[in-house]
Structure formats: C-alpha cells, structure tokens
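Input: a single structure, listed below in structure tokens.
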Amino acid sequence: MNTTAFQRIYTKISQVTKATCTLHAQGVGYEEMATINGRLAQVVKIQGDLITLQVFSGTEGIPTNAEVIFLGHAPQLVVSDELGGRFFNAYGFPIDGGPEIDGKTVEIGGPSVNPVRRKQPSELIATGIAGIDLNNTLVTGQKIPFFADPDQPFNQVMAMVALRAKADKIILGGMGITNDDYLFFKNVFQNAGALDRIISFVNTTEDPPVERLLVPDMALTAAEYFAVEKNQNVLVLLTDMTLYADALSIVSNRMDQIPSKDSMPGSLYSDLAKLYEKAVQFPAGGSITIIAVTTLSGGDITHAIPDNTGYITEGQLFLRKDSDIGKVIIDPFRSLSRLKQLVIGKKTREDHPQVMNAAIRLFADAANAKTKLENGFDLTDYDERTLKFAKEYSDKLLAIDVNIEIDEMMDTAWVLFDKYFNEIEVAIKADIVKKYGKFKKIEENVHST
Amino acid sequence: MSTKGKVAGIISNLVIVEVDGPVMQNEICYINLNNVDLMAEVIKIKGTQAYVQVFESTRSLKTGTEVKFTGSMLEATLGPGLLSKNFDGLQHDLDKMDGVFLKKGDYAEPLDFKSAWKFTPLVQPDEEVVAGSWLGEVTENWISHKIMVPFKFVGKFKVKSVVPAGTYKITDNIAILLDTDNKELPVTMIQKWPVKIPIKAYTEKPRPFRLLETGVRVIDSFNPMVEGGTGFIPGPFGTGKTVLQHALSKQAEADLIIVAACGERANEVVEIFTEFPELDDPRTGRKLIERTTIVANTSNMPVAAREASVYTAMTIAEYYRSMGLKILLLADSTSRWAQALREMSNRMEELPGPDAFPMDLPAIISNFYARAGYVFLPNGKTGSVTFIGTVSPAGGNLKEPVTESTKKAARCFYALSQNRADSKRYPAIDAIDSYSKYLEYEEFQNYIKENISDDWVDNIIKAKNIVIRGREAYEQINILGDDGVPIDYHQKFWKSEIIDFVLMQQDAFDKIDSSTPIERQQYMLKKVIDICHKEFSFESFDKVNPFYKQIINYFKQMNYSEFKSEKFTNFEKELENFISSNKN
C-alpha cells in the first residue's frame, strides 16, 4: 500500500492484545481504517488521544514499534459492473488472480433504507425446489436463513437455489467456509456458465476469523450498488452466519464487554438485524433478497444465534434427512416463509394455498400413523394410505433434488391426492377440486396400491 | 449562554464530551460532524465529562469535534397534525425526508408549521384555567383536537383573551393567559413536552373498569382488557405476536391507535403502511390510517433512538388522552427496547444484572407501564391510554428478565403458546395460562353487570373450568389409552375442545370471524356453555369424537355467518336438532 502525503504514520504502540493494538494518535476518525506493518485494522475505541485498533488478521508478531498508518476512511469497496464473475477476500481485494476493479469507491455498511420508502415485497422467486416453492415460497426483498446442522448439505442447496433463481446478480458472502466448500462454489458457478452474474466475497477457515466480520457488509454493499443504481434483483447468499456471530463474540470478549446469553455480545440482535434488514424491495424496482445459513448445534434453536436470527428474519428453512427415501428434504413442519402469503394464490395458481395445506396436513397424518406403528398399534386403512402418500410426497416434492415448475408441483400433488385419497379426505373446496382436481378413478386406485 | 463541549472519546454510539459549563441528565446536544448536526442525549455525567448516546452512526467522528448543548431534554412536539403520520423514534417525519436511504442528521419536523386549522374557542376571557385546560378545538381527521394550556405551565392562570373562531396557523397565538403576577403568556397550537416525563394534566387516576372491546374472543371473553389497562404478549418467534397486534390495531374499540414499531422487521411496518390506508374503520367508515399514528424505529435504525421511540409514542398517547380520547398504544417489541438499554449500559461499563441487562430494568419497565391509565381531566371528562406491549423472550423462555419484569408491571398477560401455534390453533393465546387481573376488580365486575349481563363474569369462569377439566381428562386419556378411561373423560375432553375451536380460535383472515362484537361473543359463550353442561350418552368411546366434531362444525359455520342472519339461524337450528337427537 502506497503512502501519500496526508497519511499520518505512528511507530509507538502502547498496548497489544490478541486482537487489538492501542496507541496515541491525533485526528483519527471513528471506524477509520489503518494498517499496522501492512495488516489492516479498524478504529474501535477512542479515548482522548488513545486509539484502540482491531487488527483483523490478529496481532501475532506485531512489535511495539510497528508502523501504523491511518488511511482516513472507513472500510471501502470499489463497485462497478466489473465485479461480475469475480472472487474477492474479506477486504474486497481480488483473489482470483484477475485485475483490480475500476469503479466507484464506496464505504461499506452504509445507511438504512427509510421504512416509508420501502415497497411491499410482491415478486415470487422460483427455485424449482418444491419444498421451497410450493410450501415456503420465497419473495424478492425477503430475508430467510437455512437452519441446518453442520453435516447437512446446506451449501449445495444454496448453490442450487442461486443457480436456478432468476436473479440478475447473485452475491456470495462466505464466512469461515472450508476451502473445499469455496472450491465447490467456484466449480459449480463456473460449470453452470453463469459466472458473470455471480460475485463472491470469501473468508475461508484458513483466514483469520475476525476478518469475516467484513464479509456480509462487503456483499451487501455490492448488492446495494446493483439494486439501487442498476435496478437489478440481487440475491445475496450468506454462509455461515453462526461463524460470523462467533467472530463478533471474539471481538467483544477482547474488548472486555460483558457477555449476555450464550457468551454472545449484548448487541447481537442489532448487529444481525443491521445486516438482514438490508433485504429490501426498492421503489424503483431493484431488490435485495438474502438467503443465509445458520448452523445449529444439535438442532437447538433456543441458542442465542438462531433465536435472535428467528426474530429478525422472515421465516426459516429446515433441512432434514428423510430415512424413508434416503434423501434430504425441506421439513414442511418446521420451515416457514412469512412472506409467502403475499404471492401464493396471487402470483401463482389459485389452488396453491389449498394444495399446500392439504398436502402438509396429510403428511402430518402420516407422521401420526408412523408413531402409532412404532408404538405397536394397529394401522387403519387410512393410516396405511397416508404412509404411502408420505413416501411419494417426500420423494417427488419435498426432496431437494426436485427441479420442476410451480404449476407442475401442484399437478403432482393432485395426482398423489387422487392416487391415495378421496375428495372428502383431501378436503379441498369443491370449486377448486372441480377446476384443478384429478380425481377420476378413486376406487381403482385406492385398491390397486 | 448555552453549554458547549468537545468530543473526548468514542465507543460505538457512546461519546464522551468534555464540557465547559453546566449540563443536565438527559439533556439533548448536537455533535457537529462535518457540518451535519448529530443528535445525542446525555446519559451520565462525571465531573466535566458528559457521556452522551448518539442517535446516529458515529462513523468518522473525531475527538475535538464541537458539541452544542440545548438546555432541554428530548421533547415531543405536540399539536394538530400528528395523526396519520409516520415518525421515527425521535418524532421526525419519515415522509418528509428525501431519498430512499436515511441520511445522518436529516431531521424533518414532526408538524407542518405552515398548516392552518379552523379554530373554535372553548373559553371566555377571565375564565380560570390550568395546564391541560381546553382553550379551543380544531378538527383533525375526524376527531376534535383540543388546543390546551401547555402542560409545562404550573399553577393557575386567567384567560386574558382568546382569538375568535377562524382559520389560524399552528404557530399563531390563539390565546393570551395571565399568571398570578399578571404576566402575559401567549399560547399557540403547539407545545413541547419531554418524552421521559409523564404528562400529569389530570385530576384523578382511578382503577380502570370499562371494558375495552377488541373483537378478539380469546381476549374479550376470557381475559378482558379495560380502557386504561396494561397488558403484554410474550411469545417465541412464529407464534403470531405481530398478527395479533395488527388485529388489535384494526379492531380495538379505541378512538386512536398509536403503534410503536420498536426494533422489529421493517417489512412488518411496510405492511401497516400499505394496508391501513386501504382498510376501513368500521366505527367511522373512514380509513384506518386516519386514526393511526406510527412511530417506527425498525431493527436496523440507530439503537439509541429505539429506546426513545416508546417514550415518544407514549407522550403522543398521553397528549391525546388529555383531550378526552380513548387511546390504544401498541409497542412491538418491548424486548428490543430493553436490549437497547442493555447495549448502552454495557458500553458505560455498568455492573450488569441478570443476562447482562441493567439492574434497574424492572423499575424502568414498571415506570413505563404506569403511564397508561384511565383519567379524569380537570373539566370532569375522561380519557384513557391502554398499553399493550409484546415481549420477545430469548429462546422462548418466559423466565428471562424482560418477561419477568414486565409480568410484575402489566395487569394482563396473554401467553402465546408454541404448541398451539404448531397445531395452527390461532390466535395462539393460551387462555388458561393467560390472565387478566381486571376480572377480579369489583369496579369492573359492576360495570359488566350493568352494561353487558349479570352472568358474564361467571360464564367466563365456568368456561375456563371446563377447559381445565378437559385438559386433565386429556392427560389421563394419553396415559391410560382411549379405552382405559371412562367415556365421561372423552366427553370432558371434547367439551373443552368445543370451547377451544368455537370461542378461542378465530380466523384472522375471515371477514366475519376476524372481529366479534361483544354482544355476539356473549351470545356464543352462553350457547357453548349450555351445551357443555348437557349430558350425552354414548355406547362406546369412539362414538364421542364424531358427535362433538359435528357440534364444532355447526358452531364454526355459525362463526362464519353474519350474526343472526338467516344462514346463522339455520345452522343454529340444525345444531339444536342434532343435539336433541342424542339427548337422553
């Protein structure tokens, strides 16, 4: 990094901790960036002329006479159309060997949208995955996380969603993902030939953990550029937000802050909300949609990270392995998209809400039948049929490898209804059944299966 | 001369200012950052250092920056034109701000100072007045907005003159008052009041006793709210807190609704912005937005202003109460407000209480709830502020500090149950775990006897008992198996299910079912209880379930039909016939 005339250089550090350095300096702005022997750092505390800097890559090997240069600005990102198809690190520097980006320099973590200027989200995002499109429909401007255990294939599902969603830009913010997962994303995006609409900001497990604090803001700043200035629909993928929150707790701990629940900083809710609330439908047509991953430990959603996330986001998607079919499915019971009401039956076929509810209710009946079976009770004919239905419903609609159009999802559900049930059992409004139902040969089907 | 200062330290939005003169706790000051004034509030004073919380991001702020103190606390500006507005937590008009993004230091005035109103005087010269006395009125939307003697005026005053009826700007003097020293004090339509101090321009604050109809059966018929009462709704995420609050704001029998969206999702506020201008207010035939004021400080807006937002909303509510109106104040969610307190307490390095919340959290919460109430005004009229807050308990655990502190302060408790939400029994309020202390008030019981019926409170208690007995029976059935218990147990269970399905559950999205007037609630409650007190006989336990399911079905059809319409009475007849088919 070249030094220029206005930069001030200091060489006397008075205190070093694992993540911070403190020194005397004048005229320093809050949240200003600095370099310490070339390492990037940010001002986190000013007391008189005593400045505390958070060193992103850690303070290992920093001497008290290290060269500290204040850069006079908050963390920045250069934005332009050239971002498309590129990979960056947490500081927004290219890591794919390509040239520097030429464009406008903006500070990351900018201001919030005035709530009265927001538009109500109303455009559906199709992913082809029926567990999402049919049961938990996503809408532009929504923010929703996957709640998943670390062993579940959430990154694969995210990559799939990214490629299928009809977004103008897809921005990946990878925090603490393994190098293998980084290469996976890179590969998938490259093979899909969709690289020019994908931008990635990546901090892998090989990078220092505190660096990842910059990643979501980098990704969202790039997203705002395309959504506001180019009126594009931008999909932002953030994985894994649990590791982001862990980094927050590391920093707050080093700053001697009093931890609240689960050793998380007291400001966790505000910190997460500041990121997730960047999801917005702009009046001029652009939008930012956020799909995130929050890994759970042993499925515990009462932990501070998923708990606070649940209060902020508009629903959540749960992955579960269905042992009956040996595939991962989107759990229809625990998953929820709060904004689906804005589009289902309105932007989709009118039978959508009813088909969705009927199928889930029958799936729940199957779960009850299963419990009965496990407890050694006899099953009724209806129970038997729900079990068969559940298996096929799981396989043809809930599994994450499904990739069909929304109308086809509903048609598939109707076929299954017909195959295993009669009209009364399905209990959908008569006029809807008449229009879309496929009940023809009730008797034969029930007996032949 | 006002006090000035210089920035001496910065930790996130906590700024330490070295001052050159006297400062006051909670005084407002402005930090001049590159010619933009950032608003801040003094929250601690130590020698010549004032600790201020900044209502904005402090990015790029430097030590040595100039700070100007205003000499006053955070004040709300009160006057005609507050209705239908969308304010931020500091009462800046969000609609007047330019651009899609909020800009630092962009403070839009809450009122339109150029606006003119048709004023009618309500006093004569020489009349004696006190703070809160009505000097005149203007019509705002559909309400009569009273122009009052400013609340800051202490003691007795005499009216020297008042302007004749006519159109005036809100900044015009509309009256001249004389204090006891014969000093002239001009009064305009605008006044200011510090938000953290309760407005006490009333003569008496009795125990509240008048029922506040909400149209939500599980509230009105089981744990009723009163005018001037307090209540809270805790619930894990996804249990329908916000849907319930929206239902209350749409249906409650109040003159005005003030919604404090405190640290919650922006898209939920957008829903109010989008829907309320379209929805009709059944009382006035006007649009809902005309009786609604929104104070929005969503979760991504500066955290210090989030704390202020609930106070701003309460002050506006108290202002309208002094005009003799019924106000319903809703705050979603008070947990976010408590978290804002925690963040500041933490930055000031105060010793923490439970879960790192400040030690005085219970006191702060109960002081706030105490501002609600039913009051007698100096002129003998009455007004009320009813306050219902939601609480978002961390991890759904009701033993956490915010829920516990609120439980001590609020008189009604509406427990949202995860189990009910999971089985789609909405609204997911558990009527048995919930309570309304007002049911025990003698004043309330008398009011109900006079205005609704003699047996209403009794019926509520009966219904609750049936539900409790049903639950006990259900547990026994689960342990001993369907055929391991007497048939009577199944009946007990299903009778409680009738109450659950017919009275407690309510379809918030159905035009008719979503709001039930009290007369209809009373009718249905009586009907349901009558049936629950009947004895039926069955050959075996598996005959019980279909029989009661059928009863529930008839009742539900009644719920979906216009009250006492032909459809309604037909279903009612079918129900009667069906029941007499089993009676022994």
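The values are calculated or read from the model by the stated rules, or taken from the named source; none is laboratory data. Note that the structure is predicted; figures quoted are calculated from it, not measured. All Cβ positions, glycine included, derive from the backbone under ideal geometry; neighbour counts span all protein chains shown.
Among the residues of the stretch A:219-256, the ones that are closer than 26 Å to residue A:58 by Cα, over 17 Å from the mean Cα position of the chain (by Cα) and not hydrophobic (A, V, I, L, M, F, W, C) come to 5 in all.
Of the residues that make up the stretch A:38-57, is at least one closer than 24 Å to residue A:236 by Cα, in a strand (DSSP E or B) and within 14 Å of chain B (Cβ to nearest Cβ)? No, that holds for no residue. Condition check for residue B:322 on (1) touching a helix residue (DSSP H, G or I) at 6+ places or on another chain (Cβ under 6 Å); (2) away from chain A (no Cβ under 14 Å): one failure, at (1).
For (1) buried (at least 23 other Cβ atoms within 10 Å of the Cβ); (2) in a strand (DSSP E or B), each residue gets a yes or a no:
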site	(1), (2)
B:5	yes, yes
B:28	no, yes
B:42	no, yes
B:53	yes, yes
B:59	no, no
B:64	no, no
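Report yes if some residue within the stretch B:49-60 is at pLDDT below 95 and among the basic types (Lys, Arg); otherwise report no. Yes: one or more hits. So which helices (runs of 4 or more DSSP H) are wholly in the stretch B:353-442 and hold at least 2 residues that are in contact with a Gly (Cβ under 8 Å, 6 or more places away or on another chain) and not hydrophobic (A, V, I, L, M, F, W, C)? Per the criteria, B:401-409. Looking across the stretch A:279-296 at every residue that is in contact (Cβ under 8 Å) with a residue 60 or more places away in the chain and over 16 Å from residue A:316 (Cβ atoms), the one that is surrounded by the fewest Cβ atoms within 10 Å (Cβ to Cβ) is identified as A:283.
Note on the stretch A:167-214: among residues that are under 20 Å from residue A:101 (Cα atoms) and basic (Lys, Arg), the one that is modelled with the highest pLDDT is A:169. Flag: residue B:108 does not match the condition of being crowded, with 20+ Cβ neighbours inside 10 Å, more than 23 Å from the chain's Cα centre (by Cα) and not in a strand (DSSP E or B).
Exactly one residue out of B:578, B:571 is assigned by TED's automatic domain parsing to the domain that holds residue B:484 and crowded, with 17+ Cβ neighbours inside 10 Å, and it is B:571. Restricting attention to the stretch A:94-140, which residues are hydrophobic (A, V, I, L, M, F, W, C), away from chain B (no Cβ under 14 Å) and not in a helix (DSSP H, G or I)? Listed by number, the residues that qualify are A:95, A:101, A:124, A:125, A:126, A:129, A:134. Of the strands (runs of 3 or more DSSP E) lying entirely inside the stretch B:141-228, the ones with 2 or more residues being within 29 Å of the chain's Cα centre (by Cα) and touching a residue at least 40 places away in the same chain (Cβ under 8 Å) are found at B:143-148, B:191-194. Scan the stretch A:371-381 and tell me whether some residue there is buried (at least 19 other Cβ atoms within 10 Å of the Cβ), aliphatic (A, V, I, L, M) and at pLDDT below 90. No - not one qualifying residue is present in the stretch A:371-381. Here is the figure for the stretch B:121-140: residues that are within 24 Å of the chain's Cα centre (by Cα) and either within 19 Å of residue B:182 (Cα to Cα) or buried (at least 21 other Cβ atoms within 10 Å of the Cβ) (or both) total 1. Taking the listed residues B:340, B:394, the one that is touching a Cys at 6+ places or on another chain (Cβ under 9 Å), within 14 Å of chain A (Cβ to nearest Cβ) and in contact (Cβ under 8 Å) with a residue 12 or more places away in the chain is B:340, with no other qualifying. Of the residues examined, residue A:74 is one that is of a type in the set (A, V, I, L, M), within 11 Å of another protein chain (Cβ to nearest Cβ), closer than 29 Å to residue A:102 by Cα and surrounded by 19 or more Cβ atoms within 10 Å (Cβ to Cβ).
One line per residue, one yes/no per condition, for (1) facing chain B (nearest Cβ under 9 Å); (2) not in a loop (DSSP other than H, G, I, E, B):
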site	(1), (2)
A:248	no, yes
A:256	yes, no
A:283	yes, no
A:307	yes, yes
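Of the listed requirements (1) under 22 Å from residue A:278 (Cα atoms); (2) more than 10 Å from chain A (Cβ to nearest Cβ), residue B:103 misses just one: (2). In the set B:58, B:70, B:65, B:48, only one residue is away from chain A (no Cβ under 14 Å) and of a type in the set (S, T, N, Q); that residue is B:70. Summed over the stretch B:106-118, the residues that are within 14 Å of chain A (Cβ to nearest Cβ) and touching a residue at least 60 places away in the same chain (Cβ under 8 Å) give a count of 1. Residue count for the stretch B:278-303, restricted to those that are in a loop (DSSP other than H, G, I, E, B) and within 12 Å of chain A (Cβ to nearest Cβ): 6. Here residue B:264 qualifies as in contact (Cβ under 8 Å) with a residue 40 or more places away in the chain and on the phi < 0 side of the Ramachandran plot. Selection of the stretch B:241-271 for residues being within 14 Å of chain A (Cβ to nearest Cβ), in contact with a helix residue (DSSP H, G or I) (Cβ under 7 Å, 6 or more places away or on another chain) and of a type in the set (A, V, I, L, M) yields B:259, B:260, B:261, B:266, B:269, B:270. Which of the numbered conditions does residue B:236 fail, given that it passes all the others? Conditions: (1) assigned to a helix (DSSP H, G or I); (2) within 11 Å of chain A (Cβ to nearest Cβ); (3) in contact with a Gly (Cβ under 8 Å, 6 or more places away or on another chain). Against the list (1) assigned to a helix (DSSP H, G or I); (2) within 11 Å of chain A (Cβ to nearest Cβ); (3) in contact with a Gly (Cβ under 8 Å, 6 or more places away or on another chain), residue B:236 comes up short only on (1). Taking the stretch A:337-438 and the helices (runs of 4 or more DSSP H) fully enclosed by it, the elements with 3 or more residues that are of a type in the set (A, V, I, L, M, F, W, C) are at A:352-374, A:381-393, A:406-420, A:430-436. Checked against (1) crowded, with 21+ Cβ neighbours inside 10 Å; (2) closer than 27 Å to residue A:388 by Cβ; (3) within 14 Å of chain B (Cβ to nearest Cβ), residue A:331 meets all criteria but (1).
Residue B:374 meets each of the listed conditions (1) over 21 Å from residue B:199 (Cβ atoms); (2) more than 14 Å from chain A (Cβ to nearest Cβ) apart from (1). Take residue B:413 and decide whether it is away from every other protein chain (no Cβ under 14 Å), over 30 Å from residue B:136 (Cβ atoms) and touching a helix residue (DSSP H, G or I) at 6+ places or on another chain (Cβ under 8 Å). Here the answer is yes, as residue B:413 does meet what is asked.
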